[in-house]
Amino acid sequence: MTKRPLLWGLGVAVALMASTAGAQQAATQAAAEETDALTDKARQLYEEGRQAAAAGKWADAHASFLAAWAIKPHYQIASNLGVACLKLGRNREAAEYLTRYLREAPATKVKERQSAEASLREALTKVASVTLQAAPQGAMVTVDGTAVGKAPLADPVFLDPGKHEIGARLDGHVSVTRPVVAAAGGTDKVVLQLERTPAPQVVMGPGPVGTTAPIQRQDNVRTVVLVGGGVVAGIGVGAGVLFTVLANGRASDARQLRAELIAEDERGEKCPAVNPTKCADLSAAVDARVDHSNSAFWSFVAGGAVGIGTLVYGLVTMESTGPSRSVQVTPLWGPHTAGVSASGSF
């Protein structure tokens, strides 16, 4: 009598498992087909760009290479895109794409690398190359107010001739900027060191001063200490909450970047070979999460210490601010009783 329900239950379980496995397989196949479609589209645009370049139609070639790059930023596209930019007089962009190609292209591509190096040398005679060092890591680097990447940057910053402003910003730090005058063919080095934002300070003004008594009354001093201690403790706790929220946000960013890198890892490589920019972003997100977590911890510790100290001070000095109080404590001990008895005025 019990075998038939058991067999029926096993059959339902197997059917559900088969359905789930089929759905997962279908989702994986759909994702693979979408990736192949994107790759095919990028390849088609790349070939269109090569044909336009062979015909000397550099504007059309640039448009096709740029569209292919937006779909799949491959180093081979970067090489052709750099040459197209050079032909169109977009020298700064040419230097950026050619530099990336030389950083990512295999050493076995000897002729291709030699051609890219020659094009890069031509571009560098028309732009300035700035080696940038920004600390701490993860600071967002800006050129004329536009973000160009997070420190440390994998490549130099290329600037068209003229006046520019290079800066860096990071949560919890004071932003800095440096003016740069770029000259064609010139090189420069800029160091940006960000300092932490000063902690908020509570400024306590002097208490009321009597006309006849130079010494401030003790109850006023106690009030100032209690109020000031409470404010400082509240600021410490508030800062701890803020840094905790920031740490959680950076942790979420790190998880998202890690998932994207895993999805992009088609050849079993590791950072920074998979995607140097995202690998740098991931490292910066992890470092920022650790910094914010440490800041939250010490903010809570500082706020708690000040709060406890203020409470103890208030209890110790309570007697001096009111009428006289007396308490008598008597131990109670007997065959059926144990404890203490307290009596007096409060």
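Residues that are touching a Leu at 6+ places or on another chain (Cβ under 7 Å), open to solvent by less than 20 Å² (accessible area, probe 1.4 Å) and either under 24 Å from Gly185 (Cβ atoms) or touching a residue at least 60 places away in the same chain (Cβ under 8 Å) (or both): does segment 64-78 have at least one? No - not one qualifying residue is present in segment 64-78. The residue pairs whose first member lies in segment 288-316 and is among the basic types (Lys, Arg), whose second member is at pLDDT below 80 and open to solvent by less than 30 Å² (accessible area, probe 1.4 Å), and whose beta carbons are closer than 6 Å, counting only pairs six or more residues apart or on different chains, are Arg289/Ala247. Of the numbered conditions (1) within 23 Å of Gly186 (Cα to Cα); (2) charged (D, E, K, R); (3) in contact (Cβ under 8 Å) with a residue 40 or more places away in the chain, Asp171 satisfies every one except a single condition; which is it? Only one criterion in (1) within 23 Å of Gly186 (Cα to Cα); (2) charged (D, E, K, R); (3) in contact (Cβ under 8 Å) with a residue 40 or more places away in the chain is unmet by Asp171, namely (1). The residues of segment 55-69 that are among the aliphatic types (A, V, I, L, M) and more than 20 Å from Lys41 (Cα to Cα) amount to a single one, Ala55. A single member of Glu96, Glu112, Glu48 is within 19 Å of Leu153 (Cβ to Cβ), open to solvent by 70 Å² or more (accessible area, probe 1.4 Å) and either touching a strand residue (DSSP E or B) at 6+ places or on another chain (Cβ under 9 Å) or modelled with pLDDT under 95 (or both), and it is Glu96. Scanning segment 70-92 for residues that are more than 18 Å from Tyr46 (Cα to Cα) and assigned to a helix (DSSP H, G or I) returns Asn91, Arg92. Contact map, segment 143-163: first residue more than 22 Å from Thr125 (Cα to Cα), second residue part of a loop (DSSP other than H, G, I, E, B), Cβ cut-off under 7 Å, separation 6 or more or different chains; pairs are Lys150/Gly138; Lys150/Ala139; Ala151/Gln137; Ala151/Gly138; Ala151/Ala139; Pro152/Gln137.
The values are calculated or read from the model by the stated rules, or taken from the named source; none is laboratory data. No experiment lies behind these values; they were computed from the predicted model shown. Glycine gets a Cβ as well: all are built from the backbone with ideal geometry, and neighbour counts include every protein chain shown. Ligands, DNA and RNA are excluded from the accessible area calculation, which covers all protein heavy atoms including side chains. Shrake-Rupley method; radii C 1.70, N 1.55, O 1.52, S 1.80 Å.
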